[in-house]
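This report refers to the structure that appears directly beneath it.
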Amino acid sequence: MDSRLKRHCILASMGVILLVALLVLYANQEQPRQGGQTAVQPTATPRAQAQEITYDEYGQRIGNDLSAFLQDATFFDPEENTWLEQKLEEQNRLSLVVTSVERDLRVQVVNYEGEPVTGRSFIVELGDQGEYKDLDQDGVLYIGGLNSGEYYVSLQEVEGYKVPVNPTKVQVKDKVEYVFIDDISLLIKTEEEIDAEAEDTGVQNAEEDSDKTEIKRLQTPTSNTTVGIDVSKWNREIDWEKVKAAGVDFAIIRAGYRGSSMGSLVVDPYFEANIKAATMAGVKVGVYFFTQAINEVEAVEEASMVLELVREYSLDYPIFIDTEGAGGNGRADMLSVEERTLVCDAFCRTVENAGGEAGVYASRNWYYNRIDASKLENYCIWLAEYRSAPLYDGYYNMWQYTSKGTVDGIEGNVDMNISYMGR
């Protein structure tokens, strides 16, 4: 609906209100006659005494007098009713949010509430670099391969909207900075916004290395160890009171994942319910994120997403990056050892620079063959190896010993872990 049509609709509504008010006034003045005599009229009370006149934050009169608008000489004059015009203009005003991580720009077109505007092919101009179009109409444009320096970003005119008059100035960074991205919330999606079946395709690589000695029950904690589980949407609804009563000390809860095809940042639909209920039941918590980042920039985005999601919670265990395959066709499946190690390091450095504790989750085979584990030992190492005793000879702080465990309060199988972290 464009602004002219909105204005006509509002004026038509006002006309209806005026008609109703006049009918009310007429009915009050023409009282019905009874027994041939005129009905007694109540003594009129001066309007100033009948109600206290107050005004709202925009200077508009508040009261119960349906005819009060008749005293406003500008009520039916759209040229003079600046308050109404201002409200309509605010709803159609667009802004740009522009950030840089490393020799790139992410331009987001947002409305007056700060939400990305979708369904329109916005065009932005980047100084003398030319024009860029939002082809997928999601309100976000990514521009890579830029030289570092100062740039000016402008939004072309859009029918039905008011665009910024002045360009937005931004500094393109030369090197990635492992710091929290302030506007990351604008990139976080729910599963209702994506094809979850196609995007959430993580495969537990530890299954390839399991043997018949795999322990499938919750083990007994010792003076140096605690026992726990890790969960995601695949475990569905969980009775955390029963889980705690069964002897579970901690839970590592999936916060979300990056889509293995489109690369969207998606929150796990059970994350909020799990972390709240687990904490209420007295189960200590940490979180993990399934990565499909293909470079350090995307790793910083993933870490920033998790930091945003856990902002209001107190964590007892680290924030882990979960690096494993996505069925062979995942966007990060073909990364080299060096590239995947850089992704893990960038994620962990971003978490730690924000004051959090970081860790890496992978199977024994991946620590040996797909990651340079020697460059990640400053972080908490979470090993997945399904046998009675790990064969991995590297350093690790936690061990996921089965994916086929059972525990009261959870329907079906659940991953089980031992922590050597003393908590």
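The values are calculated or read from the model by the stated rules, or taken from the named source; none is laboratory data. Bear in mind the structure is a predicted one, so any value in this text is a computation, not a measurement. Quick reminder, even Gly has a Cβ in these numbers, built from the backbone with ideal geometry, and neighbours come from all protein chains shown. The accessibility values were calculated without ligands, DNA or RNA, using every heavy atom of the protein model including side chains. Shrake-Rupley method; radii C 1.70, N 1.55, O 1.52, S 1.80 Å.
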Hey, Leu84 open to solvent by less than 50 Å² (accessible area, probe 1.4 Å), modelled with pLDDT under 60 and either part of a helix (DSSP H, G or I) or over 19 Å from Asp182 (Cβ atoms) (or both) or not: yes
Would segment 230-250 turn up any residue that is at pLDDT 95 or above and hydroxyl-bearing (Ser, Thr, Tyr)? yes
Residues (polar (S, T, N, Q) and either within 18 Å of Asp136 (Cα to Cα) or open to solvent by 70 Å² or more (accessible area, probe 1.4 Å) (or both)) located in segment 177-197: Thr190
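Return the residues of segment 99-120 that are in a loop (DSSP other than H, G, I, E, B), among the hydrophobic types (A, V, I, L, M, F, W, C) and within 18 Å of the chain's Cα centre (by Cα); say none if nothing qualifies.
Val117
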Run down Ser388, Ser374 and say which single residue is in a helix (DSSP H, G or I) and either touching a Ser or Thr at 6+ places or on another chain (Cβ under 6 Å) or closer than 24 Å to Ile418 by Cβ (or both). Ser374
Given Leu315, Leu342, Leu307, which one is open to solvent by 30 Å² or more (accessible area, probe 1.4 Å) and either in contact with a His (Cβ under 9 Å, 6 or more places away or on another chain) or within 21 Å of Asp230 (Cβ to Cβ) (or both)? Leu315
Any idea how many residues of segment 366-385 are over 30 Å from the mean Cα position of the chain (by Cα), free of Cβ contacts under 8 Å to residues at least 24 places away in the same chain and open to solvent by less than 20 Å² (accessible area, probe 1.4 Å)? 1
Would you tally the residues in segment 324-355 being of a type in the set (Ser, Thr, Tyr) and part of a loop (DSSP other than H, G, I, E, B)? 1
Looking at segment 226-301, what strands (runs of 3 or more DSSP E) fall wholly within it and have at least 2 residues that are touching a residue at least 60 places away in the same chain (Cβ under 8 Å) and under 21 Å from Ser314 (Cα atoms)? 226-231, 250-258, 284-290
Any idea which of Asp408, Asp393 is touching a Lys or Arg at 6+ places or on another chain (Cβ under 6 Å), open to solvent by 10 Å² or more (accessible area, probe 1.4 Å), more than 28 Å from Met262 (Cα to Cα) and among the acidic types (Asp, Glu)? Asp408
Report, by residue number, each residue of segment 147-176 that is among the charged types (D, E, K, R), surrounded by fewer than 16 Cβ atoms within 10 Å (Cβ to Cβ) and within 30 Å of Thr323 (Cβ to Cβ). Asp174, Lys175
Determine, yes or no, whether Met334 is without any contact (Cβ under 8 Å) to a residue 12 or more places away in the chain, farther than 19 Å from Asp209 by Cβ and either open to solvent by 20 Å² or more (accessible area, probe 1.4 Å) or aromatic (Phe, Trp, Tyr) (or both). yes
Restrict the check to segment 205-223 and report whether at least one residue is under 22 Å from the mean Cα position of the chain (by Cα) and assigned to a loop (DSSP other than H, G, I, E, B). no
